[in-house]
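Enquirer: Quick one: this structure, given as structure tokens, is what I'll be asking you about.
The values are calculated or read from the model by the stated rules, or taken from the named source; none is laboratory data. What you are looking at is a predicted structure, and each value in this text was computed from that prediction instead of being measured. Neighbour counts are summed over all protein chains in view; Cβ atoms, including those assigned to glycine, are modelled from backbone coordinates with ideal geometry.
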């Protein structure tokens with residue numbers, strides 16, 4: 001009994017001694033933290049989505065407080081209003097950045113891009129992309145297993161079962177970029193968010209030649225360059241058999257939409273321009289009829305020489 005009592009007392013003494021040692025060590029190596037970090041963290045949305053480049057809002061708040069220049073720091077969830085409030089609290093200049101939204105650049109629906117094989121592995125885009133090119137003839141298109149849906153913390157993207165493609169709700173999308181990083185095919189892009197959620201973009205990322213694209217997908221870009229020629233603002237470029245519309249230069253004139261022969265350019269929340277009727281080429285005018293009598297004779301008559309009378313010789317013979 002006494003042995004057990006001594007053991008308990010010894011353990012208690014050791015515990016108290018360890019606590020005292022840890023207390024002094026913590027005081028010795030304590031790192032003073034700026035109290036403004038807690039305040040800034042409360043001002044951030046608290047989504048911890050990683051869209052700002054940090055693991056969470058705490059890391060973002062720490063960087064905002066410690067850096068003198070915060071122009072490179074931006075919270076996509078809070079947006080410009082949140083950054084202005086934080087900057088005003090810290091007495092620093094806020095970063096200006098236009099709103100963006102995630103855009104799925106693939107138009108290869110089940111109807112346009114028929115399946116040629118079946119995948120029986122794990123239902124993950126990352127796993128499928130590491131094993132083979134996909135269930136269709138297009139090795140650039142969406143795999144449709146929904147990795148982008150899984151990583152979205154705002155319920156802003158879902159796979160449409162009718163088309164097999166993910167669709168983004170621009171009202172819920174915060175442009176955190178999680179779906180962009182999760183897509184192994186790189187078909188999701190953060191693009192400028194227009195008023196009323198309007199958009200014009202090329203829904204294709206295939207860099208194959210036109211003939212190969214048409215065999216694999218009827219909605220793919222064939223790199224014909226018609227859209228580039230008709231754009232008056234220099235917003236469209238064609239490189240590696242693929243057209244791309246720069247959202248910073250595009251003015252939503254919609255002329256390129258009518259020029260695309262495969263319908264690879266998508267028009268969202270806007271009506272297309274009326275197509276101009278094709279006018280037939282003018283026929284060459286018939287030659288005008290010349291007035292009668294104005295034509296010169298084909299051959300001019302030979303001039304008549306002096307006429308010789310036959311009566312003169314006969315009279316000479318009579319004499």
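Condition check ((1) at pLDDT 95 or above; (2) exposed (fewer than 14 other Cβ atoms within 10 Å of the Cβ); (3) outside the structural domain of residue 78 (by TED's automatic domain parsing)) across all residues:
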residue: 122; (1), (2), (3): no, yes, yes
residue: 131; (1), (2), (3): no, yes, yes
residue: 137; (1), (2), (3): no, no, yes
residue: 149; (1), (2), (3): yes, no, yes
residue: 169; (1), (2), (3): yes, no, yes
residue: 203; (1), (2), (3): yes, no, yes
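Enquirer: Yes or no: residue 188 in contact (Cβ under 8 Å) with a residue 24 or more places away in the chain, in contact with a strand residue (DSSP E or B) (Cβ under 9 Å, 6 or more places away or on another chain), assigned by TED's automatic domain parsing to the domain that holds residue 260 and more than 30 Å from residue 48 (Cβ to Cβ)?
Expert: Answer is no for this residue.
Enquirer: Can you go through 163, 103, 150 and tell me which one is touching a helix residue (DSSP H, G or I) at 6+ places or on another chain (Cβ under 9 Å) and either in contact (Cβ under 8 Å) with a residue 40 or more places away in the chain or closer than 27 Å to residue 52 by Cβ (or both)?
Expert: 150
Enquirer: Testing residue 164 on (1) touching a strand residue (DSSP E or B) at 6+ places or on another chain (Cβ under 7 Å); (2) under 13 Å from residue 106 (Cα atoms); (3) at pLDDT below 95, one condition comes back false. Which one is that?
Expert: (1)
Enquirer: Here is a list of conditions, (1) in a loop (DSSP other than H, G, I, E, B); (2) over 25 Å from residue 219 (Cα atoms); (3) free of Cβ contacts under 8 Å to residues at least 24 places away in the same chain, and residue 76 meets all of them except one; can you say which number that is?
Expert: Unmet for residue 76, out of (1) in a loop (DSSP other than H, G, I, E, B); (2) over 25 Å from residue 219 (Cα atoms); (3) free of Cβ contacts under 8 Å to residues at least 24 places away in the same chain: (3).
Enquirer: Now for a separate question. Look through the stretch 151-161, keep the residues that are in contact with a strand residue (DSSP E or B) (Cβ under 7 Å, 6 or more places away or on another chain) and surrounded by 21 or more Cβ atoms within 10 Å (Cβ to Cβ), and return whichever of them is nearest to residue 242 (Cα to Cα).
Expert: Per the stated criteria, the residue is 157.
Enquirer: For residues in the stretch 51-75 being buried (at least 18 other Cβ atoms within 10 Å of the Cβ) and at pLDDT below 90, which is nearest to residue 173 (Cα to Cα)?
Expert: Step by step, filter the stretch 51-75, then rank; the result is 51.
Enquirer: Restricting attention to the stretch 7-53, which residues are within 30 Å of residue 181 (Cα to Cα) and part of a loop (DSSP other than H, G, I, E, B)?
Expert: Hits for the stretch 7-53 are 44, 45, 46, 47, 48, 49, 50, 51, 52, 53.
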